[in-house]
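**Q** This is the structure I have questions about; it appears just below.
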Amino acid sequence: MDPAPKDGESAAAGEPSRGGAAPSSGVVVQVREKKGPLRAAIPYMPFPVAVICLFLNTFVPGLGTFVSAFTVLCGARTDLPDRHMCCVFWLNIAAALIQILTAIVMVGWIMSIFWGMDMVILASKYS
């Protein structure tokens with residue numbers, strides 16, 4: 001049975017010491033956000049338009065999302081490049097309807113505000 005390493009001894013006895021410094025593992029960690037189809041359908045709009053949509057979503061749930069759907073028809077790009085423009089438009093309309101219909105129980109209102117915040121974040125990255 002091997003004796004347990006004492007204080008100051010390396011657990012990996014076969015490795016040479018590098019001046020007392022612990023060897024680095026060199027592990028690279030990459031984080032990538034996976035977006036669902038509704039979240040990926042949020043258009044990259046100009047910053048002032050995104051702020052207006054956030055304002056509309058704050059006071060009338062789903063209205064800003066509804067307005068943002070029409071920016072897709074005006075050429076705003078999204079994170080769904082493989083889908084047709086009309087499909088992305090209808091995904092945004094569906095998100096607006098979900099927000100309007102669930103606003104009665106506050107879920108849609110909160111979702112609407114977060115949706116508007118995402119629009120502003122995407123607009124700030126875009127510009």
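**Q** Kindly provide the Kirkwood hydrodynamic radius of segment 45-126 in Å, to one decimal, from all pairs of distinct alpha carbon atoms.
**A** 12.4
**Q** By how many nm would the segment from residue 79 to residue 124 grow when fully extended, if each residue of separation counts as 0.36 nm and the alpha-carbon distance is taken off?
**A** Here the answer is 14.7 nm.
**Q** Solvent-accessible area of residue 56, probe 1.4 Å, all protein chains present, reported in Å² to the nearest ten, please.
**A** 50
**Q** Residue separation times 0.36 nm, minus the C-alpha to C-alpha distance between residue 94 and residue 28: what's the value?
**A** 19.9 nm
**Q** Here's something else I'd like to know. Sort 102, 65 from largest to smallest accessible area, using a 1.4 Å probe on the heavy atoms of the protein chains.
**A** Most to least solvent-accessible, the answer reads 102, 65.
The values are calculated or read from the model by the stated rules, or taken from the named source; none is laboratory data. Computed from a predicted structure; not experimentally measured. The area values use the complete protein model at the heavy-atom level, side chains included, leaving out ligands, DNA and RNA. Shrake-Rupley method; radii C 1.70, N 1.55, O 1.52, S 1.80 Å.
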